[in-house]
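Engineer: Below you'll find the structure I mean.
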Amino acid sequence: MAEIPITPPETTWKCSNCGNTIVQPAPPQTCPVCKQKCEFLNVTCYQPECGFTGVDNRLKPAK
Ligand SMILES: [Zn+2]
């Protein structure tokens with residue numbers, strides 16, 4: 001029985017200013033959308049209920 005390696009989901013960062021989300025290992029210095037040095041929130045979801053898509057839908061702003 002070969003072990004199946006578990007790949008963790010990529011980290012998703014959400015701009016606190018414009019709500020843009022970026023998937024990369026570390027938060028960017030400046031947001032590529034609003035060009036501001038925003039605070040980036042880690043919205044990565046590691047829960048099965050999110051479907052392992054990497055983003056917690058509950059953290060997305062309602063439109
Ligand atoms: Zn932004």
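Taken together, the values in this text are just the output of simple stated rules run on the coordinates, not laboratory data. All of these numbers come straight from a predicted model, not from anything done at the bench.
Engineer: Which length gain, in nm to one decimal place, applies between residue 4 and residue 23 when the Cα-Cα distance is subtracted from 0.36 nm times their residue separation? Don't skip to the end; give the middle numbers.
Structural biologist: Values: separation 19, 0.36 × 19 = 6.84 nm, distance 2.40 nm.
Net length gain for the segment: 4.4 nm.
Engineer: How large is ³J(HN,Hα) for each residue in segment 38-44, as worked out from phi by the Karplus curve 6.51 cos²θ - 1.76 cosθ + 1.60 (θ = phi - 60°), to whole Hz, x for Gly and Pro?
Structural biologist: Coupling constants for segment 38-44: 8, 8, 9, 9, 7, 10, 4 Hz.
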